[in-house]
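What follows draws every value from the coordinates through simple rules; no lab data is involved. In this text the structure is predicted, and so the values were computed from the model without any measurement. Here the Cβ is made from the backbone with ideal geometry for all residues, glycine too, and neighbour counts use every protein chain on show.
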Ligand SMILES: C[S@@+](CC[C@H](N)C(=O)[O-])C[C@H]1O[C@@H](n2cnc3c(N)ncnc32)[C@H](O)[C@@H]1O
């Protein structure tokens, strides 16, 4: 599990730095310790953790932990921060999909593929950004969104209050894809295999499945549309 590996690498770096400091009789400051652990953990992560991102995470983790300790916040503030993190990201343990939002450019491009008066389903609706955007720019489209995480769902519920959008809380796997003109997903590589099996089983013949950014293993899209944003995002389009 990634978290155990993160803690294991950090602990190994701390032990190595402590041994070195003991042997060399090094009177390091707290920042000296944190900096040494950071560099060593980032180096170890090259062997012991997958993906370049983990090196950066290991590099910043000890420095961020020390900076946080020096903030001297009361303990309830950390409990509150933890509770908010669980409410926003708690489902990530299961879904492996964090929260990030579609931008206006991606949604304008998506809107070009939704027929007039059509229906759109947003799988993993986040804070309701997609449905709110369609409510403003394409009120002819009937929209439905489903979101698993409680706090994003609640924010979406407030945002979409009084609109015609249907905003559901639950697992996207329990939501039927039948009857929609376009099904949209902006999830993560980890979710795409299972989602494709669902698309194959449930998507209407004439309907379009659109993934923002993430590919489906061994299923090249029928079309790729460049969003034109700073991330180089693409909308990937499939029919069944
Ligand atoms: C990257 S965000 C995209 C949000 C929104 N669709 C947008 O484009 O702005 C993905 C969202 O999908 C949600 N999610 C991931 N897996 C899910 C699942 N199995 N069921 C419901 N929601 C899920 C996450 O909680 C997260 O809020």
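To the nearest 0.05, how large is the calculated FRET efficiency for residue 116 and residue 48 if R₀ is 45 Å and r is the Cβ-Cβ distance?
0.25
The stretch 138-157 to the stretch 58-84: how many Å between their Cα centroids?
Comparing the Cα centres of the stretch 138-157 and the stretch 58-84, I get a distance of 31 Å.
Could you work out the relative contact order of the stretch 2-72, using alpha carbon pairs under 8 angstrom and six or more residues apart, expressed as a whole percent?
After rounding, I find 34 percent.
Using the reciprocal of the averaged 1/r over all distinct C-alpha pairs, how large is the Kirkwood radius of the stretch 11-121 in Å?
Across the stretch 11-121, the inverse of the average 1/r is 18.1 Å.
How high is the relative contact order of the chain? Use alpha-carbon pairs under 8 Å, at least six apart in sequence, and give a whole percent. Walk me through the numbers on the way to the answer.
Values: 364 pairs, mean separation 32.7, N = 240.
Relative contact order, the chain: 14 percent.
Can you pull the semi-axes for the chain, root of five times each eigenvalue of the Cα gyration tensor, sorted largest first, whole Å?
Working: eigenvalues 367, 86, 44 Å².
They are 43, 21, 15 Å, listed from largest to smallest.
Compute the acute angle (0 to 90°) between the alpha-carbon long axis of helix 189-202 and the principal axis of greatest extent of the alpha-carbon atoms of the chain; round to the nearest 10°.
For helix 189-202, the angle is close to 20 degrees.
Going by alpha carbons, how many degrees (0 to 90, nearest 10) lie between the helix axis of 52-71 and the longest principal axis of the chain?
Value to nearest ten degrees: 70.
Kindly put 20, 95 in sequence by how many other C-beta atoms sit within 10 Å of each C-beta, fewest to most.
Lowest to highest Cβ neighbour count: 20, 95.
Over the stretch 118-177, what relative contact order in percent results from Cα pairs under 8 Å that are six or more residues apart?
Relative contact order for the stretch 118-177 comes out at 39 percent.
When only alpha-carbon atoms are used, what values of Rg and Dmax, in angstrom, describe the stretch 2-72?
For the stretch 2-72, the Cα-based Rg and Dmax read 12.1, 35 Å.
Can you sort 147, 112, 215 by how many other beta carbons sit within 10 Å, fewest first?
Ordered by Cβ neighbours within 10 Å, fewest first: 112, 215, 147.
Based on a Kirkwood Rh over C-alpha pairs, give the Stokes-Einstein translational diffusion coefficient of the stretch 104-238 at 4 °C and viscosity 1.567 mPa s in µm²/s.
Once the numbers are plugged in, D ends up at 87 µm²/s.
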